[in-house]
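The values are calculated or read from the model by the stated rules, or taken from the named source; none is laboratory data. Note that the structure is a prediction, hence the values are computed from the model and not measured. So basically every Cβ, Gly included, is an ideal-geometry build from the backbone, and we count neighbours across all protein chains shown.
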Amino acid sequence: MIGPPPLLEPSTATDAADRSFTETAARMARQRLAIDRSTSLPVLVYFASSIFWLLAGTVFAMISSIKMHAVWFLSSWEWLTFGRVRPVHQNIVAYGWASMAGIGTAIWLMARLSRSELLHAKWLVGSAVLWNLGVLLGTIAVLSGYNHGIEYLEFPAFVPPILASALILVSVWSLVVFHNRREPHVYVSQWYLFAAMIWFPWIYTAVNLLLVIYPIAGVAQGSITWWYGHNILGVWFTPIGLATIYYVLPKILGRPIYSYYLGVIGFWSLALFYNWNGAHHLIGGPLPEWLITVSIVASVMMVIPVGAVGINHHMTMRKHFKALKFSPSLRFIVFGGFAYTAVSLEGVLEAFRDVNLPTHFTHFVIAHAHLGLYGFYTMTMFGAMYYIMPRLTGWEWGSPRLISLHFWFCAIGILLMVVPLSYGGLLQGWSMLNPKIPFIDVVRRTANWMIIRSISGVLLTIGHILFTILFVRNLLHWGERRTSPTLLNPDREEYARTLAGAERLRAAGEAAGEIDGGSAR
Amino acid sequence: MTITYVVFAGSVILFGGSAALALIWAVRAGQFENLGRGASSIFDADEPVGRPTDLTFARKEDRR
């Protein structure tokens, strides 16, 4: 049987009202198809490029990780020394994988949410070509030794103008899509996308002007570096990830977000507080004390947006967790949502001076960064791609088994990286604070944790290869055409029953006053 | 130094200004008046509240 299951099918068109409902539905379906089709070329180009950079970034990640416990590994080529490989890994995953996956998702989301077609899509393909060129040239430059030396800004001065012009194209195009909107309401995801599309291009340009092209002097460099270092997460990756969750999660479940009010509060408090957070990376540094204190206060205030998002996602999922048994995108998205709450609250803790003292400059920070950019952002982007790709290619995912394996390799891989590395980082920090322990002993003690990290890296690498296979098969329509949606558990009737049952339970709870019906607010 | 002042002033105007303008526009346009409707604005007659979209099939020719 093709199409939605009978349980949720609108009643057969017997009277005029029903007929007009079916006509409206058909019109909406056509409109959505046209919108998806208009975005399909640039989004697929961005996604395909991001997968390429994901694999490249993984290779450099593995090389850097292995070097941490086997210093002799590939050390006879200066191109592959740690000082070059590590920034290349970081820049490739940030600008190649994460940004390109995010831009693809953002374009699609903006068109869908505005209910308007993307016009002149070829220009966006051009922006993707520019973006790839920028990342490629930057990578070659850093590998051959031209490293600008500032974290996240290692690419030499000729790269930022290329990336910035691509970014401005994307930004203008998404604002034009919004301008042509048919949907009068600005959904909470769109607010997040505005943050990414309006503020990030400026931040990127401003910071490159001040640090790379006309570098300003002295200690101000540090505060600007971390203003950027935190904002690339705060106004670029985080909003795109949250916009995705706020759209895809309710759409998959077929129920509105628990509390739209919390969603709005969450966005505006993020807009107010996130921008101040950067200086908490410089606790103990030679900066005015008030600047750091203000930053710590703002970091603690982040509890508000993070709590709002966490409660909202959890309450939307409440009584629907069984759906995780079936939906591929939902699994990744929900994992990402949980990791977002965890990593953000951990970040709040790390901003306190007492916690910062043992954790700063240790592997704890590396674990934290991976929980954020991988556990939250990358997993959310995988989920987004599982949802978006079939709607663009008209081809279902090839194999539920591979999707499931992809999920488990990545989920276990990232947990195996984050948990032991956090613990190892804490031990490392405490040992370094103890003047009786010689530094070399601290290094020896951390070696075992480095080996565990390399093992987790192998799991993640396998996950990425599986995803690449799935992606290429979907893109090129390889394999047999599936005649039903690819679900992790093939029993669609059971899925429908589970969700309908959850909905009934929720309605009963609401009637009994157990659950507050958030969507009514 | 000029570039520093331009960038700093630009940041203040672009960040603070754009956020303030957007908030004022949103309040005036009534974006926050009916939050319940806002939450369901992503649904429509074809993908209504109550229908999980993972169950709809992606093949274009099979769509209504």
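Data overview
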item: A:Leu209 among the aliphatic types (A, V, I, L, M), assigned to a helix (DSSP H, G or I) and modelled with pLDDT of 95 or more; result: no
item: A:Leu242 being more than 12 Å from chain B (Cβ to nearest Cβ), modelled with pLDDT of 95 or more and under 25 Å from B:Gly17 (Cα atoms); result: yes
item: Residue in the range A:352-362 that is crowded, with 24+ Cβ neighbours inside 10 Å, more than 14 Å from chain B (Cβ to nearest Cβ), under 26 Å from A:Leu270 (Cα atoms) and touching a residue at least 24 places away in the same chain (Cβ under 8 Å) present; result: no
item: Candidates A:Gly372, A:Gly347, A:Gly383, A:Gly398, filtered to the one that is touching a Gly at 6+ places or on another chain (Cβ under 7 Å) and assigned to a helix (DSSP H, G or I); result: A:Gly383
item: Single unsatisfied condition, A:Arg445 versus (1) basic (Lys, Arg); (2) surrounded by fewer than 14 Cβ atoms within 10 Å (Cβ to Cβ); (3) assigned to a helix (DSSP H, G or I); result: (2)
item: Residue count, the range A:294-311 (criterion: assigned to a helix (DSSP H, G or I), closer than 21 Å to A:Ile224 by Cβ and of a type in the set (A, V, I, L, M, F, W, C)); result: 4
item: Count of residues meeting criterion [of a type outside the set (A, V, I, L, M), over 19 Å from A:Ser259 (Cβ atoms) and at pLDDT below 95] in the range A:296-342; result: 7
item: Residue in the range A:218-239 that is touching a residue at least 12 places away in the same chain (Cβ under 8 Å), within 10 Å of chain B (Cβ to nearest Cβ), within 20 Å of A:Leu109 (Cβ to Cβ) and part of a helix (DSSP H, G or I) present; result: yes
item: Single unsatisfied condition, A:Ala106 versus (1) part of a helix (DSSP H, G or I); (2) touching a residue at least 12 places away in the same chain (Cβ under 8 Å); (3) over 22 Å from the mean Cα position of the chain (by Cα); result: (3)
item: Failed item in (1) farther than 21 Å from A:Glu346 by Cα; (2) buried (at least 21 other Cβ atoms within 10 Å of the Cβ); (3) touching a residue at least 40 places away in the same chain (Cβ under 8 Å), with A:Val309 passing the rest; result: (1)
item: Hits in the range A:260-293 - residues which are free of Cβ contacts under 8 Å to residues at least 40 places away in the same chain and either of a type in the set (Ser, Thr, Tyr) or in a loop (DSSP other than H, G, I, E, B) (or both); result: A:Ser269, A:Pro288, A:Thr293
item: Residue that is nearest to the other protein chains (Cβ to nearest Cβ) [pool: residues in the range A:314-351 that are crowded, with 16+ Cβ neighbours inside 10 Å and charged (D, E, K, R)]; result: A:Arg331
item: Failed item in (1) within 12 Å of another protein chain (Cβ to nearest Cβ); (2) under 17 Å from A:Ala111 (Cβ atoms); (3) within 24 Å of the chain's Cα centre (by Cα), with A:Asn208 passing the rest; result: (2)
